[in-house]
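No lab work stands behind these numbers, since they all come straight from the coordinates. Bear in mind the structure is a predicted one, so any value in this text is a computation, not a measurement. FYI the Cβ positions are ideal-geometry reconstructions off the backbone, even for glycines, and counts take in every protein chain you see.
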Amino acid sequence: MGAPKPWRARALPKRYVEINRISKEAIDPKAALQALPPLIKGSLRLGAYIGDGAVIDHEFGTTDVLIVVPVSAIK
């Protein structure tokens, strides 16, 4: 789920990569959930929001996304 507008950070235009790389119909939700790293899964279970887009960090071989977890969601 996208973050609320006040929290919706976006990568710099020259580094921005669209997150929606394939159609929703082409995604197997069960396989996608299993493939997520544990920290992202846990954050989503708490009600985390995902920022707008991603940044591919070629130097570290990672894809970086902003994840915002409202403090009110943490028990």
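Odds and ends about this structure:
- Selection of GluC sites (Glu not before Pro), the stretch 1-60, meeting DSSP coil and at most 10 other Cβ within 10 Å: Glu18, Glu59
- Fewest neighbouring Cβ atoms within 10 Å first, the residues Leu33, Leu44 line up as Leu33, Leu44.
- Quotient of Cα Rg and 2.2 N^0.38 Å for the stretch 5-73, N being how many residues it contains: 1.20
- Potential lengthening between Leu12 and Val68 on full extension [0.36 nm per residue; Cα-Cα distance subtracted]: 18.4 nm
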